[in-house]
1. List, in the order given, every pair from Lys172/Lys243; Lys30/Lys250; Lys173/Lys250 whose Cα-Cα distance in the structure shown is over 26 Å.
2. Starting from the Cα of Arg102, step 7 Å toward the Cβ, then list every residue of region 176-191 with an amide N under 20 Å from that point.
3. Per residue, how much accessible area does region 147-258 have with a 1.4 Å probe, in Å²?
4. Quick check on region 49-89: what does the Kirkwood estimate of hydrodynamic radius come out to from the alpha carbon pairs, in Å?
5. Take each complete run of DSSP H in the chain, measure how far its Cα atoms stretch along the helix's own axis, and keep only those covering 27 Å or more with mean Kyte-Doolittle hydropathy at least 0.0; list them.
6. So what is the 222 nm mean residue ellipticity for the chain from helices alone, if each DSSP H run of at least 4 adds -39500 (n - 2.57) and you divide by all residues, rounding to the nearest 500 deg cm²/dmol?
7. Over the Cα atoms of region 141-258, what radius of gyration and what Dmax do you get, in Å?
8. What is the Cα radius of gyration of region 67-154 over 2.2 N^0.38 Å, N being its residue count?
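The values are calculated or read from the model by the stated rules, or taken from the named source; none is laboratory data. Keep in mind it's a predicted model, so treat the numbers as computed, not measured. All Cβ positions, even for glycine, are placed from backbone atoms using ideal geometry, and neighbour counts span all protein chains on display. Ligands, DNA and RNA are excluded from the accessible area calculation, which covers all protein heavy atoms including side chains. Shrake-Rupley method; radii C 1.70, N 1.55, O 1.52, S 1.80 Å.
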Amino acid sequence: MTTRLKTCCLAMAAMLIFCVADHVQAETLKVTGGATITENFLEPIRDAFAKSSGVTLEISNSTPAQGWQQLTAEQVDAAVYGLSFNEVVASVEKQGGSTANRAEMMPQVIGMMDAGTKIIANKDVGLASLSPSQLAGIFSGEITNWSAVGGPDKAIVVVLGTKYPAILEQFKKNLMKGKDYSGNAMQVETYADIKEKVASTPGAIGFSTAALLDDSIQPIRYSGGMRIVTLITKGPESPAAEKLIHFIQKEGKKYVKQ
(Lines give C-alpha, C1' and ligand atoms only; values in the text may rest on other atoms or scores of the structure.)
Protein backbone atom coordinates (compact mmCIF):
# COMPACT_ATOMS: atom_id res chain seq x y z
CA MET A 1 0.00 0.00 0.00
CA THR A 2 1.45 3.36 -1.00
CA THR A 3 2.12 6.10 1.52
CA ARG A 4 -0.50 8.30 -0.14
CA LEU A 5 -3.14 5.56 0.08
CA LYS A 6 -2.27 4.92 3.71
CA THR A 7 -2.66 8.61 4.45
CA CYS A 8 -6.09 8.68 2.79
CA CYS A 9 -7.24 5.62 4.72
CA LEU A 10 -6.10 7.11 8.01
CA ALA A 11 -7.87 10.38 7.23
CA MET A 12 -11.09 8.55 6.41
CA ALA A 13 -10.84 6.46 9.57
CA ALA A 14 -10.29 9.58 11.66
CA MET A 15 -13.29 11.26 10.04
CA LEU A 16 -15.45 8.20 10.72
CA ILE A 17 -14.38 8.14 14.37
CA PHE A 18 -15.14 11.86 14.65
CA CYS A 19 -18.58 11.43 13.12
CA VAL A 20 -19.45 8.53 15.40
CA ALA A 21 -18.23 10.42 18.45
CA ASP A 22 -20.17 13.50 17.40
CA HIS A 23 -23.32 11.42 16.91
CA VAL A 24 -22.98 9.92 20.39
CA GLN A 25 -22.36 13.36 21.89
CA ALA A 26 -25.40 14.78 20.13
CA GLU A 27 -27.82 12.13 21.43
CA THR A 28 -31.03 13.71 22.71
CA LEU A 29 -33.64 12.37 25.12
CA LYS A 30 -37.05 14.05 24.93
CA VAL A 31 -38.67 14.14 28.37
CA THR A 32 -41.92 15.80 29.40
CA GLY A 33 -43.38 16.20 32.85
CA GLY A 34 -45.29 18.27 35.34
CA ALA A 35 -43.96 21.75 36.06
CA THR A 36 -42.87 20.87 39.59
CA ILE A 37 -40.91 17.87 38.32
CA THR A 38 -39.27 19.72 35.44
CA GLU A 39 -38.28 22.67 37.61
CA ASN A 40 -37.08 20.72 40.64
CA PHE A 41 -36.05 17.33 39.23
CA LEU A 42 -35.10 17.57 35.56
CA GLU A 43 -33.78 21.09 34.98
CA PRO A 44 -31.32 20.93 37.91
CA ILE A 45 -29.69 17.72 36.62
CA ARG A 46 -29.62 18.68 32.91
CA ASP A 47 -26.00 19.88 32.68
CA ALA A 48 -24.51 17.26 34.98
CA PHE A 49 -26.38 14.48 33.19
CA ALA A 50 -25.19 15.67 29.76
CA LYS A 51 -21.61 15.82 30.99
CA SER A 52 -21.82 12.38 32.57
CA SER A 53 -23.71 10.52 29.82
CA GLY A 54 -23.32 12.51 26.60
CA VAL A 55 -27.13 12.67 26.41
CA THR A 56 -28.85 16.05 26.10
CA LEU A 57 -32.21 16.40 27.81
CA GLU A 58 -34.93 18.15 25.80
CA ILE A 59 -37.42 19.05 28.52
CA SER A 60 -41.02 20.20 28.18
CA ASN A 61 -43.93 20.78 30.56
CA SER A 62 -47.18 18.87 30.29
CA THR A 63 -50.17 17.64 32.23
CA PRO A 64 -50.45 13.84 32.62
CA ALA A 65 -53.06 13.78 29.83
CA GLN A 66 -50.78 15.71 27.48
CA GLY A 67 -47.78 13.58 28.39
CA TRP A 68 -49.74 10.38 27.83
CA GLN A 69 -50.81 11.59 24.40
CA GLN A 70 -47.22 12.54 23.50
CA LEU A 71 -45.95 9.13 24.62
CA THR A 72 -48.65 7.40 22.60
CA ALA A 73 -47.68 9.39 19.48
CA GLU A 74 -43.97 8.77 20.26
CA GLN A 75 -43.34 12.51 20.35
CA VAL A 76 -41.38 12.12 23.59
CA ASP A 77 -39.20 9.33 24.98
CA ALA A 78 -40.39 9.55 28.58
CA ALA A 79 -42.87 11.33 30.84
CA VAL A 80 -42.16 12.03 34.51
CA TYR A 81 -44.69 13.00 37.20
CA GLY A 82 -44.79 13.25 40.98
CA LEU A 83 -47.59 10.68 41.04
CA SER A 84 -47.95 6.92 41.15
CA PHE A 85 -48.78 5.24 37.84
CA ASN A 86 -52.38 4.66 38.97
CA GLU A 87 -52.67 8.35 39.89
CA VAL A 88 -51.33 9.31 36.44
CA VAL A 89 -53.94 7.06 34.81
CA ALA A 90 -56.71 8.58 36.96
CA SER A 91 -55.54 12.10 36.09
CA VAL A 92 -55.47 11.33 32.35
CA GLU A 93 -58.99 9.93 32.46
CA LYS A 94 -60.25 12.86 34.54
CA GLN A 95 -58.92 15.24 31.87
CA GLY A 96 -60.82 13.30 29.21
CA GLY A 97 -57.91 11.28 27.85
CA SER A 98 -57.96 7.62 26.89
CA THR A 99 -55.79 5.08 28.72
CA ALA A 100 -56.90 2.09 26.62
CA ASN A 101 -53.23 1.52 25.71
CA ARG A 102 -52.00 1.47 29.30
CA ALA A 103 -50.55 -2.02 28.81
CA GLU A 104 -48.00 -0.43 26.45
CA MET A 105 -46.81 1.98 29.11
CA MET A 106 -43.87 0.98 31.28
CA PRO A 107 -43.78 2.90 34.60
CA GLN A 108 -40.80 2.96 36.92
CA VAL A 109 -40.48 4.69 40.29
CA ILE A 110 -37.26 6.72 40.10
CA GLY A 111 -37.29 8.57 43.40
CA MET A 112 -39.14 10.36 46.14
CA MET A 113 -39.78 14.03 46.67
CA ASP A 114 -41.21 16.24 49.35
CA ALA A 115 -44.98 16.07 48.97
CA GLY A 116 -45.32 19.29 50.93
CA THR A 117 -46.01 21.57 47.98
CA LYS A 118 -44.20 24.83 48.75
CA ILE A 119 -46.55 27.45 50.11
CA ILE A 120 -45.64 31.13 49.98
CA ALA A 121 -47.32 34.20 51.46
CA ASN A 122 -46.85 37.94 51.31
CA LYS A 123 -44.31 39.04 53.91
CA ASP A 124 -46.93 41.12 55.72
CA VAL A 125 -48.61 37.87 56.85
CA GLY A 126 -45.84 37.28 59.38
CA LEU A 127 -46.37 33.51 59.79
CA ALA A 128 -43.76 30.83 59.16
CA SER A 129 -45.92 27.72 59.52
CA LEU A 130 -49.53 26.58 59.34
CA SER A 131 -51.25 23.28 60.05
CA PRO A 132 -52.73 21.21 57.20
CA SER A 133 -56.25 21.97 58.49
CA GLN A 134 -55.55 25.71 58.51
CA LEU A 135 -54.23 25.58 54.94
CA ALA A 136 -57.28 23.58 53.87
CA GLY A 137 -59.54 26.24 55.37
CA ILE A 138 -57.58 29.05 53.71
CA PHE A 139 -57.46 27.57 50.21
CA SER A 140 -61.11 26.50 50.33
CA GLY A 141 -62.21 29.97 51.36
CA GLU A 142 -63.59 28.88 54.73
CA ILE A 143 -60.95 31.00 56.50
CA THR A 144 -60.90 34.51 55.06
CA ASN A 145 -58.82 36.55 57.53
CA TRP A 146 -55.28 35.93 58.76
CA SER A 147 -56.31 36.75 62.33
CA ALA A 148 -58.17 33.40 62.43
CA VAL A 149 -54.84 31.53 62.23
CA GLY A 150 -52.71 33.77 64.42
CA GLY A 151 -51.78 36.38 61.85
CA PRO A 152 -52.71 40.07 61.42
CA ASP A 153 -56.23 41.39 60.90
CA LYS A 154 -55.92 41.24 57.14
CA ALA A 155 -58.01 39.65 54.39
CA ILE A 156 -56.62 36.47 52.82
CA VAL A 157 -56.09 36.51 49.05
CA VAL A 158 -55.66 33.01 47.52
CA VAL A 159 -53.59 32.83 44.31
CA LEU A 160 -53.78 29.70 42.11
CA GLY A 161 -51.77 28.68 39.03
CA THR A 162 -53.84 27.30 36.16
CA LYS A 163 -50.78 25.64 34.60
CA TYR A 164 -50.54 23.02 37.35
CA PRO A 165 -53.75 20.94 37.43
CA ALA A 166 -51.96 17.86 38.78
CA ILE A 167 -50.52 19.80 41.72
CA LEU A 168 -53.86 21.43 42.42
CA GLU A 169 -55.54 18.02 42.36
CA GLN A 170 -52.84 16.46 44.57
CA PHE A 171 -53.10 19.25 47.15
CA LYS A 172 -56.89 19.09 47.06
CA LYS A 173 -56.87 15.33 47.60
CA ASN A 174 -54.16 15.05 50.25
CA LEU A 175 -54.59 18.21 52.28
CA MET A 176 -58.02 19.66 51.55
CA LYS A 177 -59.74 16.27 51.74
CA GLY A 178 -61.66 16.93 48.55
CA LYS A 179 -62.86 20.45 49.37
CA ASP A 180 -63.13 22.80 46.42
CA TYR A 181 -60.84 25.80 46.07
CA SER A 182 -62.13 29.24 46.98
CA GLY A 183 -64.35 30.73 44.30
CA ASN A 184 -62.69 34.10 44.98
CA ALA A 185 -59.15 32.88 44.25
CA MET A 186 -57.04 34.93 41.85
CA GLN A 187 -56.10 32.95 38.72
CA VAL A 188 -52.63 33.27 37.17
CA GLU A 189 -50.60 30.75 35.16
CA THR A 190 -47.07 29.83 36.24
CA TYR A 191 -45.21 29.53 39.54
CA ALA A 192 -43.34 32.71 38.58
CA ASP A 193 -46.69 34.48 38.12
CA ILE A 194 -47.88 33.20 41.49
CA LYS A 195 -44.72 34.42 43.20
CA GLU A 196 -44.99 37.87 41.61
CA LYS A 197 -48.66 38.20 42.54
CA VAL A 198 -48.15 36.97 46.11
CA ALA A 199 -45.17 39.27 46.64
CA SER A 200 -47.10 42.32 45.42
CA THR A 201 -50.52 41.60 46.97
CA PRO A 202 -51.09 42.24 50.71
CA GLY A 203 -52.42 39.15 52.49
CA ALA A 204 -51.79 36.85 49.51
CA ILE A 205 -50.93 33.14 49.65
CA GLY A 206 -50.25 30.56 46.93
CA PHE A 207 -48.26 27.54 45.75
CA SER A 208 -44.63 27.78 44.74
CA THR A 209 -41.60 25.68 43.87
CA ALA A 210 -38.33 25.34 45.75
CA ALA A 211 -36.44 26.92 42.87
CA LEU A 212 -38.27 30.24 43.39
CA LEU A 213 -38.04 30.65 47.15
CA ASP A 214 -36.26 33.86 48.16
CA ASP A 215 -36.48 36.83 50.52
CA SER A 216 -39.24 38.56 48.55
CA ILE A 217 -41.89 36.22 49.97
CA GLN A 218 -42.61 34.29 53.18
CA PRO A 219 -42.32 30.47 52.90
CA ILE A 220 -44.99 28.66 54.92
CA ARG A 221 -43.95 25.34 56.45
CA TYR A 222 -46.38 22.49 56.91
CA SER A 223 -46.34 18.70 57.19
CA GLY A 224 -46.87 17.17 53.76
CA GLY A 225 -45.07 13.80 53.78
CA MET A 226 -43.39 12.32 50.71
CA ARG A 227 -44.62 11.26 47.27
CA ILE A 228 -43.09 9.09 44.59
CA VAL A 229 -41.74 10.23 41.24
CA THR A 230 -42.68 7.98 38.32
CA LEU A 231 -41.03 7.83 34.89
CA ILE A 232 -43.15 6.32 32.12
CA THR A 233 -42.07 5.11 28.69
CA LYS A 234 -44.00 3.50 25.87
CA GLY A 235 -42.47 0.04 25.82
CA PRO A 236 -39.06 -0.73 27.40
CA GLU A 237 -36.76 2.18 28.19
CA SER A 238 -34.27 3.20 25.54
CA PRO A 239 -30.55 3.10 26.49
CA ALA A 240 -30.66 6.88 26.94
CA ALA A 241 -33.70 6.63 29.25
CA GLU A 242 -31.92 3.93 31.26
CA LYS A 243 -28.96 6.28 31.67
CA LEU A 244 -31.31 8.98 32.95
CA ILE A 245 -32.94 6.63 35.46
CA HIS A 246 -29.60 5.43 36.82
CA PHE A 247 -28.29 8.99 37.03
CA ILE A 248 -31.34 10.26 38.95
CA GLN A 249 -31.22 7.33 41.37
CA LYS A 250 -27.53 7.83 42.11
CA GLU A 251 -25.50 10.97 41.41
CA GLY A 252 -28.51 13.03 40.38
CA LYS A 253 -29.99 13.03 43.90
CA LYS A 254 -27.65 15.81 45.01
CA TYR A 255 -28.97 18.17 42.30
CA VAL A 256 -32.68 17.70 43.00
CA LYS A 257 -34.31 20.68 44.73
CA GLN A 258 -36.67 20.00 47.61
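1. Lys172/Lys243; Lys173/Lys250, as the Cα separations exceed 26 Å there.
2. none
3. 50
4. 11.5
5. Values: long enough: 3-25 (33 Å, 1.11).
TM-like helix candidates: 3-25.
6. Theoretical 222 nm ellipticity from helices: -10500 deg cm²/dmol.
7. 17.8, 58
8. Ratio of Rg to 2.2 N^0.38 Å for region 67-154: 1.60.
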